[in-house]
Amino acid sequence: MIKPSTRLKTTKKTHKALQVFSKFAIMCVLTIFSIMIVLEKFETHALESGVIIFIITVIMWLGYKYLDVHLDHYTYEEFLVVIWVPIGAILCYMLNIYGGLGGVLSTAITGTIASFLPVLNKKSEYLKKLPPAIYCGSFIGMSSIEIAPSINFVIIAGILAGLFLLMSKSIFLGVGGKLGMVAFGGVLMVSFVYWCYVWLGL
């Protein structure tokens with residue numbers, strides 16, 4: 001029989017491992033995102049691109065190491081909250097692609113609708129947590145047809161982004177752009193798998 005103290009230590013180690021993994025995954029996503037932005041801007045200037053990418057990467061990793069933006073204890077977002085990430089992604093994608101409204105307007109509409117959900121019941125703590133999750137999903141739904149070629153792509157990216165949001169509740173607190181970064185992580189993972197699928201000719 002496993003002793004309660006041993007079980008507690010194992011649980012703490014598991015939470016710690018998930019926290020380290022989440023931090024590392026988010027930093028990798030941010031690094032890749034920064035590299036892609038710089039390469040798109042300076043695609044014909046290899047030296048300038050290399051210098052800018054190096055500076056941005058160093059600053060980000062130093063900030064990760066020395067800024068106090070993480071909780072000491074590890075907590076998770078509620079499952080019933082993160083399931084709204086793919087829902088927000090689907091809604092925004094339908095407005096964007098099928099409705100022809102474009103990414104920016106579709107995200108604005110989705111976010112605005114989500115912002116009114118807490119008004120339905122001002123005493124509900126659950127409803128207050130939904131707007132950020134839906135807004136996070138809307139960043140996936142605003143992708144162009146070239147990036148997200150189907151609704152299935154959006155659903156899978158939304159589910160992955162929801163998992164990222166679930167695991168990142170206690171890290172990078174107060175850092176702007178966290179929801180967009182989480183959404184980008186979901187899209188990036190599905191894009192990578194899709195690219196491998198096409199490249200291998202499966």
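The values are calculated or read from the model by the stated rules, or taken from the named source; none is laboratory data. None of the values given here were measured: they were computed from a predicted structure. Neighbour counts run over all protein chains shown; Cβ positions are idealised from the backbone, glycine included. Quick note on the areas: whole protein, heavy atoms, side chains included, nothing else; ligands and nucleic acids left out. Shrake-Rupley method; radii C 1.70, N 1.55, O 1.52, S 1.80 Å.
Observations on the structure shown:
- Exposure of Tyr98 as accessible area (Å², to 10), given a probe of 1.4 Å and all protein chains: 150 Å²
- Charge sum, other residues only, whose C-beta stays under 14 Å from Phe79's C-beta, Lys/Arg counted +1 and Asp/Glu -1: 0
- Once the Cα-Cα distance is subtracted from the 0.36 nm per residue extended length, the Glu48 to Met60 segment shows a gain of 2.5 nm.
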